[in-house]
Amino acid sequence: MTLESAQDIAIFTSNSSRTVLDALAPAYTLASGRRYAVVFDSAKSMLGRVKGGEIGDVVILGASVVKDLEKQGIVAAGSVRSFARSRVGVAVRAGAPRPDISSVEAFKRTLLDARSIAHTVHGASGMYVPVLLERLGIAEQVKPKTITRQGGYIGGVVAAGDAEIAVQQIVELLAVPGIDLVGPLPDEIQKVFESAVGIFTASKKPDAAQALIRFLLAPSNAQVFREKGLEQVSARDS
């Protein structure tokens, strides 16, 4: 996304935070009189862009990634806060029968029985899926029917009828019309992703960026996070 005004605060993030940021934007403008622009990409691609020299005001990525950027001096020391937690889930085309994923064995059987399975490559959950398939001992069996995309919302592949099942972070599945969320992975194989927020050292609007972070992490916004499939980590807990 191109910044519409030099007064906008630029947030660099991955697809997993995009929907909650879009949802909170009007309330932020109403409360502050300012706007923010969300610049998004897959987690891996966005990290590459940041390390390649692209500069914004605020960055929201995986917690370990943001902490590393702080160590490298790209993110301002002391500015990092926990942002949200997200979990991996399963979705099918809207109206399709919902498969059983209530246990590890049921989920494994669902994958083996599925006509096709879709996941991303560069997204955080996309990188976890191959590890999970190996852990379940079915990687080779499902490989011929696995459909991948580099990044983005993989649910679109299922909505289009090109795959039967999508596996991705729940926040990203909920962002896609035309699919139904079946539910989260069983706890034993669930992957919880934690994201963090920080301020670019080179930001020319650090005070406004700090105020924006306080707004995003206000407990009053927790419900919006939940509606989008995320668990907010409030400012007082980070």
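Read the figures in this text as sums done on the coordinates, not as results from a lab. This is a predicted model, so every value here is computed, not measured. Cβ sites come from the backbone with ideal geometry, for glycine too, and all protein chains shown count toward neighbours.
Using a Förster radius of 35 Å, what is the FRET efficiency between Ser102 and Ile147 based on their Cβ-Cβ separation? Nearest 0.05, please.
0.90
If I stretch the segment between Ala222 and Asp207 completely, what's the gain in nm (0.36 nm per residue apart, minus their alpha carbon distance), one decimal?
3.1 nm
What span do the alpha-carbon atoms of the stretch 23-99 cover on each of the three principal axes, reported in whole Å from largest to smallest?
Per principal axis, max minus min of the Cα coordinates gives 49, 33, 21 Å.
So which of Lys67/Lys108; Lys51/Lys108; Lys71/Lys191 end up more than 32 Å apart, counting from Cα to Cα?
Among Lys67/Lys108; Lys51/Lys108; Lys71/Lys191, the Cα-Cα distance tops 32 Å for Lys67/Lys108; Lys51/Lys108.
Using a Förster distance of 41 angstrom, determine the FRET efficiency expected from the C-beta separation of Ala139 and Ile55, and round it to 0.05. It would help to have the intermediate numbers written out before the result.
Numbers: r = 40 Å, r/R0 = 0.96.
It comes out at approximately 0.55.
Using only the alpha-carbon atoms of the stretch 116-159, report the extent along each of the three principal axes, biggest first, to the nearest angstrom.
The principal-axis extents, from largest down, are 27, 20, 12 Å.
Using R₀ = 22 Å, calculate the FRET efficiency as 1/(1 + (r/R₀)^6) where r is the Cβ-Cβ separation of Met127 and Asp187; round to 0.05.
Numbers: r = 20 Å, r/R0 = 0.92.
Efficiency for this residue pair is about 0.60.
What is the helix-to-structure angle for 206-216, meaning the angle in degrees between its Cα long axis and the longest Cα principal axis of the chain, kept from 0 to 90 and rounded to the nearest 10?
The helix 206-216 is inclined about 40 degrees to the chain.
Once both axes come from the Cα atoms, what is the angle between helix 15-32 and the longest principal axis of the chain, in degrees from 0 to 90, rounded to 10?
30 degrees
Report, in whole Å, the centroid distance computed from the Cα atoms of the stretch 148-209 and the stretch 40-60.
Cα centroid to Cα centroid, the span is 16 Å.
Test of the criteria: in the stretch 75-140, which trypsin sites (Lys or Arg not before Pro) are in a DSSP loop and have at most 10 other Cβ atoms within 10 angstrom of their Cβ?
Qualifying residues, ordered by number: Arg115.
Name the residue from Phe200, Ser14, Gly156 whose Cα lies farthest towards the positive end of the charge dipole of the chain, charges +1 on Cβ of Lys and Arg and -1 on Cβ of Asp and Glu.
Phe200
Taking the Cα centre of the chain as the origin, how large is its charge dipole in debye, to the nearest 20, when only Lys and Arg (+1) and Asp and Glu (-1) carry charge on their Cβ atoms? Could you put the intermediate results ahead of the total?
Numbers: 27 positive and 24 negative charges, 54 e Å.
Magnitude of the dipole: close to 260 debye.
Report, in debye and to the nearest 20, how large the dipole of the stretch 87-189 comes out about its Cα centre when Lys and Arg carry +1 and Asp and Glu carry -1 on their Cβ.
Details: 10 positive and 11 negative charges, 37 e Å.
Charge dipole of the stretch 87-189: 180 debye, to the nearest 20.
On each of the three principal axes of the Cα atoms of the stretch 85-168, give max minus min coordinate, whole Å, ordered largest first.
Principal extents (largest minus smallest coordinate, Cα): 30, 28, 27 Å.
Identify the chymotrypsin sites (Phe, Trp or Tyr not before Pro) of the stretch 173-238 meeting these criteria: DSSP loop state and at most 14 other C-beta atoms within 10 Å of the C-beta. Write down the numbers at each step before the final one.
Working: sites: Phe193, Phe200, Phe215, Phe225; in loops: none.
Qualifying residues, ordered by number: none.
I need Ser195, Ser45, Ser79 ordered by Cβ neighbour count within 10 Å, fewest first.
Ser45, Ser79, Ser195
Let me check against my output: what whole-number percent is the relative contact order of the stretch 87-189, with C-alpha pairs under 8 Å and at least 6 apart? Provide the component values of the computation, followed by the final result.
Working: 199 pairs, mean separation 48.6, N = 103.
Contact order relative to length: 47 percent.
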